[in-house]
Amino acid sequence: MKTQAFVLAAMLAVIGFGTVGVAEGAALKPNIVIILTDDQGYADVGKFGAEGFATPNIDHMADEGAVFRNFHVAQPVCSASRTGFLTGCYPNRLGIHGALGPHTKVGISDNEVTLAQLLKEQGYATAIFGKWHLGDSPQFMPLRHGFDEYFGLPMSCDYWPGHPDLITNMSSTQAAIKREYPNLPIYDGEKVFHPEMTIDDLNHLTTWYAERAVKFIEKNKSRPFFLYVAHSMPHVPLGVSDKFRGKTARGLYGDVIEEIDWSVGQILDALKRNGLDDNTWVIFTSDNGPWLCYGNHAGSAKPLREGKGTNWEGGTREPCVMRWPGHIPAGTDSWDMFMSIDLFPTIAKRVGAKLPRQKIDGLDVWPIISRQPGAKNPHDAYWFYYEVNQLQAVTTSDGAWKLQLPHTYQTLAGNPAGKDGLPVPYSHRELKQEELYDLVHDIGETTDVSAQHPEIVQHLEEEAEKARADLGDALTKRPGTGHREPGRLNESKSQN
């Protein structure tokens, strides 16, 4: 009997120890918060040179964390960019190109693993509040791809028949196109919160997203969580609440950014109030550069060249601020390059998750983010695609050199931009031959130095060939072998 009692006690001790160990291990998993704005320019944060408005909460977050001045998104447009964030893949690998419109027949595939799914398997609560834009049919929506909660718009707020300003200011032909869009609903989970967004709703989106984020933090403060706040702003049409309207010298655009900054403050305050500061990694950035043709309703990419819809630096290099006390050194100001596709594997490593079986393109860049001495980017190069699988540029992994490949791009060409919600047409210019830029000394991509550095041109041409062999290139009519199919409407479901 004594022997049996001893064995039983030992078993209980082991079981008890194991339970405590699991609980402690779970508690150590960091909360992940990604705050992603829409079309915010490189210079639209105080630490990056904002003019006419202030971002004190984001700036304070930077003082307690790090500023990354050479952070890039995978493509300079909405759906493609978000694919890179959520899957760790170049979006064209997954068949996602451009910005998906209403009732699209393609979207995120069931065969791909999103960051939400990866973290949910690790015991995380997951939520997205804001813009989704990876397909608007039920099979593509967030709750089918790893998120427990969702509130927001299925796509950009300009896919909207009630679009203010444009309907009244545009030509009759352009306005007629806008009016043909279906109603733009606001979703709460898989149910429709409002079947048709109104202008009043538009003005409340930023506040609603902030309120939902705070409630999610408070509800899940005792377990690890992934919070993805994907703001609809400052994408046109601009909306802002009365508490911020008319407050800045920059006008409506500045008002919108100050409300976004307020929302960041609400999230940071909620983390602090609930004792989660030291165990939460917060990332703030934008999905692509500013939509320059909208003029005073668009942001600034200064001192970078061009903006949204181009693979010049103004299209893909975004303001990025991160904070995780004790892990990311406070007051860091970094010029080291990395890309949005790298966040997926970097987060996976921090939480002890295995990567998906299928190939992803991102790599773990934690040594760069955490400022480890001698840290180097693990990539050979970064590939910049746009349109339908056009390879337009390649950079060295340290971001020092960029080879612009022959392609046609949009530009204002020095002409006046639009005003008060009415855009102007872009001009289109053809880059007829390769151009090399020294981004260390010429961040604005003003001077082609290919003749002075033929060895670097050759190196980046070799990297471009790797990209074409893997993902193809419409410009050189290369098919590539590494593509996977996107999700297709009513496709049969399969397991990851």
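The values are calculated or read from the model by the stated rules, or taken from the named source; none is laboratory data. What you see is a predicted model, and the numbers here were worked out from it, not measured in a lab. All Cβ positions, even for glycine, are placed from backbone atoms using ideal geometry, and neighbour counts span all protein chains on display. The area values use the complete protein model at the heavy-atom level, side chains included, leaving out ligands, DNA and RNA. Shrake-Rupley method; radii C 1.70, N 1.55, O 1.52, S 1.80 Å.
Given their separation in residues at 0.36 nm each and the Cα-Cα distance between them, N490 and I177 gain 110.0 nm when the chain is fully extended. The loop-placed chymotrypsin sites (Phe, Trp or Tyr not before Pro) in region 371-412, going by DSSP, include none that has at most 16 neighbouring Cβ atoms within 10 Å of its Cβ. Could you state the angle between the C-alpha long axis of helix 78-87 and the longest principal axis of the C-alpha atoms of the chain, as a value from 0 to 90 degrees rounded to the nearest 10? Relative to the chain, helix 78-87 is tipped by roughly 30 degrees. Between the alpha-carbon centres of region 244-268 and region 52-107 there is a gap of 20 Å. Please give the Cα centre distance for region 202-239 versus region 419-486, rounded to the nearest Å. Cα centres, region 202-239 to region 419-486: 35 Å. Taking a spot 7 Å from the Cα of W335 along the direction of its beta carbon, which residues of region 375-416 have an amide N less than 15 Å from it? 398-402, by backbone N distance to the label point.
Taking packing as the residue-averaged number of other Cβ atoms within 10 angstrom, the listed peptides 260-268, 219-227 run from highest to lowest as 260-268, 219-227. Protection proxy ranking, highest mean first, for peptides 305-312, 139-146: 305-312, 139-146, where packing is the per-residue count of other beta-carbon atoms within 10 Å, averaged.
Overall shape: prolate for region 280-328, with the ratio a/c of the largest to smallest alpha carbon gyration tensor axis at 1.5 or above and a/b above b/c. Is region 230-311 best put as rounded, prolate or oblate by its Cα gyration tensor, with a ≥ b ≥ c the root eigenvalues, rounded for a/c under 1.5, and otherwise prolate when a/b is larger than b/c, oblate when not? Oblate shape, in that a/c is at least 1.5 and b/c is the bigger or equal ratio. Over region 353-448, all Cα pairs binned in 10 Å intervals from 0 give whole-percent P(r) values of 12, 30, 31, 19, 7, 0, listed from short to long.
When a/c reaches 1.5 or more, the comparison of a/b and b/c decides; with that in mind, is region 125-247 rounded, prolate or oblate per its Cα gyration tensor?
On the way: a/c = 2.91, a/b = 1.58, b/c = 1.84.
Oblate shape, in that a/c is at least 1.5 and b/c is the bigger or equal ratio.
For region 168-325, the pair-distance distribution built from all alpha carbon pairs, in bins 10 Å wide starting at 0, is 9, 30, 35, 21, 4, 0 percent.
Evaluate the chain: find the radius of gyration of its Cα atoms, find its Kirkwood radius, and give the ratio Rg to Rh.
On the way: Rg = 23.0 Å, Rh = 23.3 Å.
With Rh from the inverse mean 1/r over Cα pairs, Rg/Rh is 0.99.
Calculated [222 nm] ellipticity per residue, helices only, for the chain: -9000 deg cm²/dmol; basis is -39500 (n - 2.57) per DSSP H run with n ≥ 4, divided by all residues, nearest 500. A straight Cα-to-Cα reach below 29 Å connects K359 with the lysines K29, K105, K120, K131, K308, K349, K376, K402, K466, K477, K493, residues fewer than 8 places away in its own chain not being considered.
Counting only DSSP beta bridges with both residues in the chain, the antiparallel share comes to about 55 percent. Taking the alpha carbon gyration tensor of region 71-122, multiplying each eigenvalue by 5 and rooting it gives semi-axes of 19, 15, 9 Å, largest first. Counting only residues at least eight positions apart within a chain, or on another chain, the lysines with an alpha carbon under 22 Å from that of K247 are K47, K419. Working from label points 7 Å from Cα in the Cα-to-Cβ sense, the R245 to R273 distance is 2.6 nm. Overall dimensions of region 448-491, expressed as equivalent-ellipsoid semi-axes from the Cα gyration tensor (√(5λ), whole Å, largest first), are 33, 10, 8.
Full extension of the segment from A413 to T446, taken as 0.36 nm per residue of separation minus the current Cα-Cα distance, would add 10.5 nm. On a 0 to 90° scale, report how tilted helix 454-471 is relative to the longest principal axis of the chain, with both axes built from alpha carbons and the result rounded to the nearest 10. Taking the Cα atoms of the chain, the angle to 454-471 is about 70 degrees.
A simple packing score, the average count of other Cβ atoms within 10 Å per residue, orders the peptides 418-430, 170-182, 458-470 as 458-470, 418-430, 170-182, with the highest score first. A 1.4 Å probe run over the chain, with the rest of the protein chains in place, finds 40 Å² accessible per residue.
Simple spin-label estimate for A474 and H428 gives 1.1 nm between the two label positions (7 Å along the Cα-to-Cβ direction from each Cα).
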